[in-house]
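Inspection log for the structure reproduced underneath, given as structure tokens.
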Amino acid sequence: MTSAVEVRRSARRRRTVSAYREGDRTIVLIPARMSEAEEQRWVGVMLDKLAAQESRRTLGDGELAERAERLSTQYLGGRATPASVRWVTNQNTRWGSCTPAEGSIRLSHRLQGMPEYVVDYVLLHELAHLLVPGHGPRFWRLLEAYPRTERARGYLEGVVAAARLPHPTPPDGA
């Protein structure tokens, strides 16, 4: 979803940043004292957060199949046509998988709630496997058309890295 972003600064707002959709616009509320760089960073964070909420709320298997069809048309010339696309709960080490012989694509439930561009990237990745089975140069050329490939890959790498971080233990008595 592409919409105009309107930033509203408030002298009364001290620390919090919030955002919401208003028609075809996204309104981001920030403290007045925030620098331009902080504003840009927070706009990106809040857009991702809203997209994640919308993705979590709206994508069932039916919508996932529609999305796959749209992505195939937009980025792969409509050549990748899966027989089925669905969420699964048994993929904890992969984001998605594809069985080209059956034309089936499965996405891990762990993607639910992530920004739409990340879900789109994984879906497009699996669609590309319907055309090219491995991860060779021909495969990656197919994904070059998707403008957020690197950003989505970075997001997923960050999720994996964060999962490996030690969980802080509370101080004694807490």
Members of the range 28-45 that are farther than 26 Å from M114 by Cα and basic (K, R): R33
Would you mind finding the one in Y146, Y155 that is open to solvent by 70 Å² or more (accessible area, probe 1.4 Å), hydroxyl-bearing (S, T, Y) and under 28 Å from Q53 (Cβ atoms)? Y155
Counted residues, the range 153-170 - those being part of a helix (DSSP H, G or I) and either in contact with a strand residue (DSSP E or B) (Cβ under 8 Å, 6 or more places away or on another chain) or over 25 Å from P100 (Cα atoms) (or both): 10
Within the bounds of the range 54-64, is there any residue that is among the small types (G, A, S) and surrounded by fewer than 16 Cβ atoms within 10 Å (Cβ to Cβ)? yes
Residue in the range 112-142 that is farthest from W87 (Cα to Cα), counting only those that are in contact (Cβ under 8 Å) with a residue 60 or more places away in the chain and either part of a helix (DSSP H, G or I) or hydroxyl-bearing (S, T, Y) (or both): L142
Going by what's in this entry, would L130 be described as farther than 22 Å from M46 by Cα, in contact with a strand residue (DSSP E or B) (Cβ under 8 Å, 6 or more places away or on another chain), open to solvent by less than 50 Å² (accessible area, probe 1.4 Å) and modelled with pLDDT of 95 or more? yes
The residue that is surrounded by the most Cβ atoms within 10 Å (Cβ to Cβ), considering only those in the range 28-53 that are among the polar types (S, T, N, Q) and under 19 Å from S10 (Cβ atoms), is Q40
Which listed residue is at pLDDT below 90 and surrounded by 10 or more Cβ atoms within 10 Å (Cβ to Cβ), from G173, G113: G113
Tally the residues that are surrounded by 14 or more Cβ atoms within 10 Å (Cβ to Cβ) and not in a strand (DSSP E or B), restricting the search to the range 95-110. 4
Residues that are under 24 Å from Y121 (Cβ atoms), among the charged types (D, E, K, R) and touching a residue at least 40 places away in the same chain (Cβ under 8 Å): does the range 33-48 have at least one? yes
Any residue at all in the range 69-91 that is open to solvent by less than 10 Å² (accessible area, probe 1.4 Å) and hydroxyl-bearing (S, T, Y)? yes
I'd like to know if the range 144-152 contains one or more residues that are more than 24 Å from R25 (Cβ to Cβ), of a type outside the set (A, V, I, L, M, F, W, C), part of a loop (DSSP other than H, G, I, E, B) and in contact (Cβ under 8 Å) with a residue 60 or more places away in the chain. yes
Residue, surrounded by the most Cβ atoms within 10 Å (Cβ to Cβ), within the range 9-27, restricted to residues that are basic (K, R) and over 23 Å from P115 (Cα atoms): R13
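The values are calculated or read from the model by the stated rules, or taken from the named source; none is laboratory data. Quantities reported herein were computed from a predicted structural model and do not represent experimental measurements. When we count neighbours, we look across all protein chains shown, and the Cβ atoms used for this are built from the backbone with ideal geometry, even at glycine. Areas reflect the complete protein model, heavy atoms only, side chains present, ligands, DNA and RNA absent. Shrake-Rupley method; radii C 1.70, N 1.55, O 1.52, S 1.80 Å.
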